[in-house]
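The values are calculated or read from the model by the stated rules, or taken from the named source; none is laboratory data. Bear in mind the structure is a predicted one, so any value in this text is a computation, not a measurement. Cβ placement follows ideal geometry from the backbone for every residue including glycine, while neighbour counts extend to all protein chains displayed.
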Amino acid sequence: MGVVIALANQKGGVGKTTTAINLGAGLAKKKKKVLLIDLDAQGNATSGLGVRKSTIKEDIYDVLVNETPVEDVILHTETEGLDLLPATIQLSGAEIELTSQMAREKRLADAILPVVDDYDYTLIDCPPSLGLLTINAFTTCDSILIPVQSEYYALEGLSQLMNTVHLVQKHFNPNLYIEGVLLTMFDSRTNLGNQVVTEVKKYFKDKVYSTIIPRNVRLSEAPSHGMSIIDYDPNSKGAWKYMNLTKEVLAAHGE
Ligand code: ADP
Ligand code: MG
C-alpha cells in the first residue's frame, strides 16, 4: 500500500515546498516510486522540479473541480522515479468553486485512488492556509509532516494546525497522525536557533526528526534551476541533510 504524506504548516516560507521536492527526490534516489502533488496555486513545487507552467494543459485544479482523471495530468519529471501532479495559478479559484460541490472535502482522496498504489510514497505540498485544499490533503493522507522554521514564533499557529488535524480526524480520517516535525533553516551561529529547537522538542517530543535542515544557500538556488538539491549539488550540506531526512522517513515506515 502506498504511503501518503502531507507537508503542512499554514505559515508561508517555512520550507514545505523545499522539503516536498527534496524528500521526494531523496526517496526517488532510494529507488522508491514517488508522486509529488502540488496543492499550492503558487506552483513552486511544479516550477522547482523544472516543469514550465506554459507547457501545462491541465493541472490539479482540473482534477479537483472538473474531475479530469489524474492519469491524464500526472507528468514524469527529470528525476527518475519522481512524478508530479502539477499546479498553476488556476488552482487559486478551486477553494471557492469546491465550496458548493458534493463531498468537497474528499475530492483529492477520491481523485488519486486509481493511482495511489502505483507509488511507494505520495507527498502533498500544501498551500499556506488551513482552507479547503489543506483539508482535502488531510482527508487524503496517512500522516502529516510539519516543517517548522527555526525562528522566533516558530510554534505560533501550530495549535490551530493541530485543531484542524483533530477536526479532520473526527469527521473524515480517524487514523490521521503526525509523521514528524522538521526543523528547517537552522542557523547554528545564533543562540536563537538552539532555543527554538528546545522549545519545539518540548511541544512535539519524539515527533521531532533528529535531522535538522540548516540554512543553506544551495537549497535556495536549486529551484531556479528546476532541480532538487540532490541533482543540483549532491555534495552540498543541504543535499546531505535531506538524504538523512529521507533515511529517517524510510526507517519510520520499516524500510
Ligand atoms: P513554503 O513552501 O513553506 O512557503 P519554501 O520551501 O518555498 O517554503 O521556502 C521559502 C523560501 O526559503 C524559498 O525561497 C526557499 O528556496 C528558501 N529555503 C527553504 N529552505 C531553505 C534552507 N534550508 N536554506 C536556505 N533557503 C531555504
Ligand atoms: Mg510552498
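VAL148 meets each of the listed conditions (1) more than 16 Å from ligand 2 (Cβ to nearest atom); (2) modelled with pLDDT of 95 or more apart from (1).
Screening LYS32, LYS57 for residues that are of a type in the set (Lys, Arg) and under 22 Å from ALA94 (Cα atoms) leaves exactly one candidate, LYS57. State whether the residues of the stretch 57-73 include one that is crowded, with 19+ Cβ neighbours inside 10 Å and within 16 Å of ligand 1 (Cβ to nearest atom). Checked the stretch 57-73: at least one residue is crowded, with 19+ Cβ neighbours inside 10 Å and within 16 Å of ligand 1 (Cβ to nearest atom).
Just the residues that are within 13 Å of ligand 2 (Cβ to nearest atom) and over 12 Å from the mean Cα position of the chain (by Cα), please, taken from the stretch 30-42. So that I can check it myself, show each step before the final result.
Of the residues in the stretch 30-42, the ones within 13 Å of ligand 2 (Cβ to nearest atom) are 36-42.
Matches in the stretch 30-42: ALA41, GLN42.
The helices (runs of 4 or more DSSP H) found entirely in the stretch 97-216 that carry 1 or more residues being under 16 Å from the mean Cα position of the chain (by Cα) and among the aromatic types (Phe, Trp, Tyr) are 132-140.
Touching a Pro at 6+ places or on another chain (Cβ under 8 Å) and either within 16 Å of ligand 1 (Cβ to nearest atom) or closer than 27 Å to TYR177 by Cβ (or both): does that describe SER92? The answer is no for SER92. Can you go through LYS11, LYS32 and tell me which one is away from ligand 1 (no atom under 16 Å from the Cβ) and either at positive phi or part of a loop (DSSP other than H, G, I, E, B) (or both)? Of LYS11, LYS32, the one residue that is away from ligand 1 (no atom under 16 Å from the Cβ) and either at positive phi or part of a loop (DSSP other than H, G, I, E, B) (or both) is LYS32.
Output the residues belonging to the stretch 19-78 that are acidic (Asp, Glu) and either touching a Ser or Thr at 6+ places or on another chain (Cβ under 6 Å) or within 16 Å of LEU145 (Cβ to Cβ) (or both). Steps first, answer last, please.
So the first thing to find is which residues in the stretch 19-78 are acidic (Asp, Glu), and the list is 38, 40, 58-59, 62, 67, 71-72, 78.
Passing the criteria: ASP38, ASP40, GLU58, ASP59, ASP62.
Figure legend. Inter-residue proximity from the stretch 40-58: first residues under 21 Å from THR134 (Cα atoms) and in a helix (DSSP H, G or I), second residues hydrophobic (A, V, I, L, M, F, W, C) and within 11 Å of ligand 2 (Cβ to nearest atom), beta-carbon distance below 8 Å, spacing 6+ or different chains. Indicated pairs: ALA45/ALA20; ALA45/ILE21; ALA45/ALA87; THR46/ALA87; GLY48/ILE21. If you go through the stretch 14-29 and keep only what is closer than 16 Å to GLU248 by Cα and either part of a loop (DSSP other than H, G, I, E, B) or more than 10 Å from ligand 2 (Cβ to nearest atom) (or both), you end up with ASN22, LEU23, GLY24, ALA25, GLY26, LEU27, ALA28, LYS29. Scanning the stretch 136-146 for residues that are in contact with a Lys or Arg (Cβ under 9 Å, 6 or more places away or on another chain) and surrounded by fewer than 24 Cβ atoms within 10 Å (Cβ to Cβ) gives a single hit, THR139.
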